[in-house]
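S.K.: Sharing a structure, written as structure tokens. Questions coming.
Every number in this text was worked out from the coordinates using simple rules, so none of it is lab data. Computed from a predicted model, the values in this text were never measured in an experiment. Cβ placement follows ideal geometry from the backbone for every residue including glycine, while neighbour counts extend to all protein chains displayed.
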Amino acid sequence: MKNVVKNAVTGKGKSRGAVWCGVVLGFLLVNCSGQKKSDETKHVDLESIYEQNMRDSVLATGWYYILESENGFSRQLEKSDAFYFIDPKPILVKEHFKVVKIETNFQGNDYLSIQTYERYKNIWADATEKSIGKQLGFIIDNKLVYAPKVNARIESGMASLWAYDKKELENFKKQLE
């Protein structure tokens with residue numbers, strides 16, 4: 001069964017002009033044929049991840065708020081000349097992701113689909129609501145790979161990564177597993 005999705009986010013940063021990007025939100029009618037983790041979730045201590053980020057000046061893989069001031073960690077958006085200041089306190093990290101898979105939309109474009117565990121959906125929903133009209137940052141291996149602008153609260157726990165080719169998406173998927 002195909003995902004029923006509504007775009008909630010547009011992104012910036014792909015070289016060669018403006019590229020339509022989005023964080024997928026949906027009333028999921030999903031066939032989870034992707035990489036699936038056990039329904040058992042362990043508690044992830046975001047405070048200790050934050051402390052480690054501060055101590056090492058390295059951002060753990062996950063979603064972060066992009067700050068409007070210079071108080072965060074400066075990161076250049078991959079495939080872009082743009083720099084952003086990232087709040088070192090993560091919203092969600094890769095341990096919060098239940099399903100990570102590569103999908104293809106109706107136009108034939110590949111994207112990375114990420115589903116959080118049920119218990120973390122409210123964290124994502126609150127973060128996206130707080131960020132409406134602003135950007136969030138997705139960090140992989142201490143690099144800012146995506147900075148979409150949020151247009152709506154996302155209650156489904158879904159996110160997606162666009163503007164990369166299939167080989168790059170496969171590499172990201174391996175890093176998130």
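S.K.: For residue 171 and residue 109 in the same chain, what is the full-extension length gain: residue separation times 0.36 nm, less their Cα-Cα distance, in nm?
M.R.: Extending this stretch completely gives an extra 20.7 nm.
S.K.: For a 23 Å ceiling on Cα separation, which of these pairs sit above it: 94/174; 130/166; 134/166?
M.R.: 130/166; 134/166
S.K.: Please give, to one decimal in nm, the separation of the simple spin-label points placed at residue 134 and residue 57, each 7 Å out from Cα toward the Cβ.
M.R.: Inter-label distance under the simple model: 2.5 nm.
S.K.: Using DSSP to call loops (not H, G, I, E or B), can you name the GluC sites (Glu not before Pro) in the stretch 36-119 whose Cβ has at most 11 other Cβ atoms within 10 angstrom?
M.R.: The qualifying sites are 40, 68, 70.
S.K.: Starting from the Cα of residue 141, step 7 Å along the direction of its Cβ; do the same at residue 89; then give the gap between the two resulting points in nm.
M.R.: 3.0
S.K.: Still on this structure: As a footprinting exposure proxy, order 172, 85, 106 by other Cβ within 10 Å, with the fewest listed first.
M.R.: Ascending Cβ contact count within 10 Å gives the list 106, 85, 172.
S.K.: To continue, here is another question. Counting other Cβ atoms within 10 Å of each Cβ, which trypsin sites (Lys or Arg not before Pro) in the stretch 121-151 have at most 15 and sit in a DSSP loop? Could you put the intermediate results ahead of the total?
M.R.: Numbers: sites: 121, 130, 134, 143, 149; in loops: 134.
Passing both the DSSP loop test and the Cβ count: 134.
S.K.: Taking the Cβ-Cβ separation of residue 69 and residue 123 as r and a Förster radius of 25 Å, what is the calculated FRET efficiency to the nearest 0.05?
M.R.: Step by step, r from the Cβ atoms, then E = 0.60.
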